[in-house]
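Below is one structure, written out as structure tokens; comments come after it.
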Amino acid sequence: MTRVALAFSGGLDTTVCVPLLEEEYGYDDVIGVTVDVGQPAAEFDEAEATAEALGLEHYVVDARAEFAQLCLESVRANATYQGYPLGTALARPVIAEAILEVAKEQDCDAVAHGCTGKGNDQLRFEAIWRDSDLDVYAPVRELGLTREWEQEYADEKDLPVEGGSGGDWSIDTNLWSRSVEGDDLEDPSYVPPGDIYDWTDDPSGETDEIEISFENGYPVAVDGEELEPIALIEQLNEVAGAYGVGRTDMMEDRMLGLKVRENYEHPAATTLLAAHEALEGLVLTQEERQFKTQIDNQWAQKAYEGLVDAPLVSALDGFIAETQKRVTGTVTIRFEGGRARPVARDSEYAAYSAAHASFDTETVGKIEQEDATGVAKYHGFQRRLANESIAALGGEDETTDVATDGGDADED
Ligand code: ARG
């Protein structure tokens with residue numbers, strides 16, 4: 001008895017994979033696994049209904065808590081990829097692990113996904129799955145399927161597909177972001193209609209302020225109310241989304257090198273990332289902040305690749321954890337014109353002294369204004385000497401010189 005566990009959403013791609021795994025790959029049994037990383041309820045209904053109509057043995061795994069925690073780790077790393085807060089990317093390893101677990105429990109000898117050979121998700125899933133002994137299949141890629149072929153095949157076989165819940169767009173939703181791609185959006189010069197957005201309203205003239213509290217770089221409360229990660233993210237998606245916060249319309253460079261046009265909504269992510277960075281601005285030293293941008297970039301790159309379990313990431317996490325010891329405090333965010341703008345920050349670990357930085361106080365503690373005189377004399381000294389040398393060269397056009405004196409160096 002051969003058995004394969006399929007990452008199943010109930011959409012066209014994964015639905016056609018069910019009979020194909022039997023017909024083309026010769027599997028006796030296919031089981032479908034849907035992993036909950038915060039998709040809307042309707043998607044589970046669709047998956048359930050499709051599974052039932054197919055007679056597919058179907059499992060739903062709740063991985064929201066684990067996923068929410070990973071999203072908050074990404075906040076500590078200020079993680080975005082080309083401006084996108086990595087919702088899809090962060091979810092994939094979590095989903096892949098959950099499917100692998102079910103596959104093992106259910107005595108499967110293989111796992112399969114319905115990703116195409118063009119995107120990132122095939123790489124993210126398989127990086128996890130190929131750590132195991134199970135066989136890995138990607139029918140859509142391996143059989144070179146197109147959406148058109150899949151639709152015809154589904155009609156022919158009378159498979160339960162209704163052209164997908166998102167109409168013409170290909171949509172991927174989880175707690176951290178909602179991504180919309182495909183169809184007309186593939187033309188980078190096409191201006192998307194307002195109805196591609198579901199989480200965010202059009203930015204209005206209205207503004208609002210909320211206070212976010214952090215402990216060791218993790219957001220823990222909104223307006224003083226402590227919230228678990230899932231509830232905190234859900235609440236901020238709701239609140240910030242109402243002010244049109246967190247829309248990204250971008251050209252994204254995929255791992256395979258293809259450029260694609262992507263649209264994302266991520267109100268909570270945008271709000272938390274802005275607040276976290278504002279708090280780091282208060283408590284971290286200049287050199288920590290500067291160095292951390294490199295750490296953060298590497299972290300985001302590995303997250304984009306779906307490789308958050310790489311040893312590099314653990315090493316980066318070590319640096320991040322050390323810096324986050326002081327990232328405790330509150331930030332006030334104003335929602336305004338579609339932005340989440342930090343307007344106040346407070347921490348008992350501030351690397352800031354109002355008394356020292358103020359224009360109003362003369363001498364406090366160990367430093368006073370006149371001490372800066374010596375520094376001001378030295379500042380820019382090398383460049384002064386270098387610029388004098390450049391001026392001494394006379395600013396003559398060397399190529400003309402070379403031509404007129406036969407290549408001899410200018411002796412002036
Ligand atoms: N390009 C994005 C990423 O690789 C997300 C794509 C989501 N898929 C979708 N069908 N909208 O992270």
So what is the 222 nm mean residue ellipticity for the chain from helices alone, if each DSSP H run of at least 4 adds -39500 (n - 2.57) and you divide by all residues, rounding to the nearest 500 deg cm²/dmol? -13000 deg cm²/dmol
Hey, in the GNM for the chain with a 10 angstrom Cα cutoff, which one of Gly380, Gly241, Gly329 fluctuates hardest? Gly380
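Could you grab the Rg to Rh ratio for the chain? Cα atoms only, Kirkwood for Rh. Please list the in-between numbers first.
Working: Rg = 27.4 Å, Rh = 24.6 Å.
On the Cα set of the chain, Rg over Rh gives 1.11.
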Measure nothing but the geometry: give the 0 to 90° angle between the long axis through the Cα atoms of 64-76 and the longest principal axis through the Cα atoms of the chain, rounded to 10°. 20 degrees
Scan the chain and hand back the longest stretch that contains none of the GluC sites (Glu not before Pro) lying in DSSP loops with at most 12 other Cβ atoms within 10 Å. 1-161
Gaussian network model of the chain, Cα within-10 Å springs - most flexible of Val140, Val327, Val191: Val191
Once each part is reduced to its C-alpha centroid, what is the distance from region 31-90 to region 96-172 in angstrom? 14 Å
Could you list the trypsin sites (Lys or Arg not before Pro) in region 320-380 that lie in coil according to DSSP, counting only those with at most 14 other Cβ atoms within 10 Å of their Cβ? Lys325, Lys366
Rounded to the nearest 10, the angle in degrees between the Cα long axis of helix 12-23 and the longest principal axis of the Cα atoms of the chain comes to 50 degrees
Taking the chain as the reference, fit the longest principal axis to its C-alpha atoms, fit the long axis of helix 229-241 to the helix C-alpha atoms, and give the angle between the two in degrees, 0 to 90, nearest 10. 70 degrees
Which of Ala79, Ala63, Ala41 moves the most in a Gaussian network model of the chain with Cα springs under 10 Å? Ala41
Accessible area per residue, Å², the chain with all protein chains present, probe 1.4 Å: 51 Å²
Share, in percent, of DSSP beta bridges within the chain that are antiparallel, nearest 5: 70 percent
Alpha carbon Rg of region 88-137, scaled by the compact-globule rule 2.2 N^0.38 Å: 1.06
Protein accessible area in the chain, 1.4 Å probe - carbon and sulfur %: 48 percent
In what order, largest first, do Ser179, Ser314 sit by accessible area if the probe radius is 1.4 Å? Ser314, Ser179
What net charge is computed for the residues neighbouring Arg124, neighbours being all others with C-beta under 13 Å from the C-beta of Arg124, Lys and Arg scored +1, Asp and Glu -1? -3
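The values are calculated or read from the model by the stated rules, or taken from the named source; none is laboratory data. From a predicted model like this one, the values you see are computed outputs, not experimental measurements. Positions of Cβ are generated from backbone atoms using ideal geometry, with glycine treated the same way; all protein chains shown enter the neighbour counts. Just the protein is used for accessible areas: all its heavy atoms, side chains included, with ligands, DNA and RNA removed. Shrake-Rupley method; radii C 1.70, N 1.55, O 1.52, S 1.80 Å.
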